[in-house]
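Structure, as structure tokens:
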Amino acid sequence: MSVKILIFILVLNINSFASEYAVIMNTHVKVKNLSAKEIKNIFLMKKHFVNDIKLIPVNSAASLEIRARFEKNILHKNRRKLNKYWVKKHFQGIQPPVVQASMNAVKLFVKNVDGAIGYIPMKLLDSNVKVLYEF
């Protein structure tokens with residue numbers, strides 16, 4: 001195998017592990033990086049504060065691919081398990097996260113609402129939001 005082919009294969013493998021999505025918060029909230037477990041607990045409404053900041057998790061629309069990736073990689077639940085989870089929580093008076101119809105809507109919500117935390121594709125990042133976690 002030639003060196004060029006080997007390098008090409010290595011580059012492909014490295015790029016396949018690159019993060020596509022980011023968990024974000026607005027830039028003026030004083031929160032540093034969060035772990036996947038903390039994010040999971042926030043989106044399952046088990047954790048409500050970070051550094052005395054009330055958190056507002058924001059999901060994308062259920063029909064979007066990013067939501068399926070988030071549920072699989074961060075929440076470690078499929079849609080059926082999540083629906084069952086939220087039915088149980090409903091009877092405990094706990095509501096699921098806010099839902100926005102598009103990735104731009106998620107970003108705008110996070111940008112404009114203190115404590116809002118959401119996830120978007122890396123390509124939509126700008127200086128109005130900060131990255132807390134990549135997946």
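The values are calculated or read from the model by the stated rules, or taken from the named source; none is laboratory data. The structure presented is a predicted model; accordingly, all values stated were derived computationally and were not measured. Please note: Cβ atoms are built from the backbone with ideal geometry, for glycine as well, and neighbour counts cover all protein chains shown.
Taking the range 109-135 on its own, how many of its residues are in contact with a strand residue (DSSP E or B) (Cβ under 8 Å, 6 or more places away or on another chain) and part of a helix (DSSP H, G or I)?
If we filter the range 109-135 for residues that are in contact with a strand residue (DSSP E or B) (Cβ under 8 Å, 6 or more places away or on another chain), which is where we start, we get 109-122, 125, 128-135.
Narrowing further to those that are part of a helix (DSSP H, G or I): 109-112, 122.
Adding up the residues that qualify gives 5.
Would you tally the residues in the range 54-107 being touching a Lys or Arg at 6+ places or on another chain (Cβ under 8 Å) and closer than 19 Å to Glu20 by Cα?
9
If you check every pair at least six apart or on different chains, which have Cβ atoms under 9 Å apart with a residue in the range 25-45 that is at pLDDT below 95 first and a residue that is in a helix (DSSP H, G or I) and of a type outside the set (A, V, I, L, M) second?
Cβ pairs passing all conditions: Asn26/Lys111; Asn26/Asn112; Thr27/Lys111.
When the residues of the range 99-132 are narrowed to those that are among the hydroxyl-bearing types (Ser, Thr, Tyr) and surrounded by fewer than 18 Cβ atoms within 10 Å (Cβ to Cβ), which ends up farthest from Leu44 (Cα to Cα)? Let's see the steps before the verdict.
From the range 99-132, those among the hydroxyl-bearing types (Ser, Thr, Tyr) are 102, 119, 127; that's our starting set.
Within this subset, residues satisfying the condition of being surrounded by fewer than 18 Cβ atoms within 10 Å (Cβ to Cβ) are 102, 127.
Numbers: Ser102: 20, Ser127: 28 Å.
Going through the qualifying residues, I end up with Ser127.
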